[in-house]
Amino acid sequence: MIDWVTAELPCLHVPIDSGHICKVLPGGEVDWQSPCRHSVEGSYSSSISVKSVRGNGAGLATHLLISGNPSKFLQGHNVFGSDDLVSLVYGAFLKICSSLDITPSELELQAAEQGDYQLKNVDICYSFELPTRGDCMAWIRAMEFKAKTRHGRPSSKGGTVYFGSGTSRWKIKIYCKGEELEAKKKGHKLPPELEKTPIKKWANNKLRIELTLLSK
């Protein structure tokens, strides 16, 4: 499934009023400023961030920069989902535009539907079923000591193994999805509406391997 996307889609619109970050010089002059990201709420209070970028010289932004988890944004969780990148981004784009009262042109809709835009990064992950959660954790520990890539040996933290941390091309992390759903870190838990569904039980013994492809 596709777990995270950062993409810049063509969309002529009035810049989103989400505030600015700026640097002010000692004399009070603004050296530079950049618009802040705006959070758009999706299913079960999940959200994705958007920002107006570029300009046409007449006060309008020409592109929308979106960054977030389209699966979670559209369905409320990322335990499983689609690996159709183009369809996921298109669905998220339509929902974002509707929420922000932005009306894309036919050409802009066509570009989004066909995947004709710039990708900044994408996370691709697959889940593998092992007999028990303990087997998942044992497999991860074995990887920590036995495996290596062109980046060398992996690093580990909190039951997760990382390959290629700090690189600018690609990186991999491996973890147990059942463990992640029970982590205290905000954003990993299922929304309350899905806590009593079979989703949590399904994730219990799933080993998750996640590849991040960066802009290079």
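Quick notes on this one:
- Qualifying positions in segment 19-51 - basic (Lys, Arg), within 22 Å of the chain's Cα centre (by Cα) and open to solvent by 40 Å² or more (accessible area, probe 1.4 Å): Arg37
- Only one of Ser52, Ser45 that is at positive phi and polar (S, T, N, Q): Ser45
- Filtering segment 1-18 to residues that are of a type outside the set (Asp, Glu) and open to solvent by 40 Å² or more (accessible area, probe 1.4 Å) leaves Trp4, Leu12, Val14, Pro15.
- Residue that is surrounded by the fewest Cβ atoms within 10 Å (Cβ to Cβ) [pool: residues in segment 105-116 that are over 18 Å from Leu74 (Cβ atoms) and in contact with a helix residue (DSSP H, G or I) (Cβ under 8 Å, 6 or more places away or on another chain)]: Gln114
- Each residue in segment 85-99 was checked for being farther than 15 Å from Thr6 by Cα and either touching a His at 6+ places or on another chain (Cβ under 8 Å) or surrounded by fewer than 16 Cβ atoms within 10 Å (Cβ to Cβ) (or both), and 3 of them qualify.
- Residues of segment 178-216 that turn out to be part of a loop (DSSP other than H, G, I, E, B), in contact with a Gly (Cβ under 9 Å, 6 or more places away or on another chain) and buried (at least 16 other Cβ atoms within 10 Å of the Cβ), as a count: 3
The values are calculated or read from the model by the stated rules, or taken from the named source; none is laboratory data. This structure is a prediction, so every number in the text was calculated from the model and none was measured. Note that we place each Cβ from the backbone using ideal geometry, even for glycine, and neighbour counts take in every protein chain shown. The accessibility values were calculated without ligands, DNA or RNA, using every heavy atom of the protein model including side chains. Shrake-Rupley method; radii C 1.70, N 1.55, O 1.52, S 1.80 Å.
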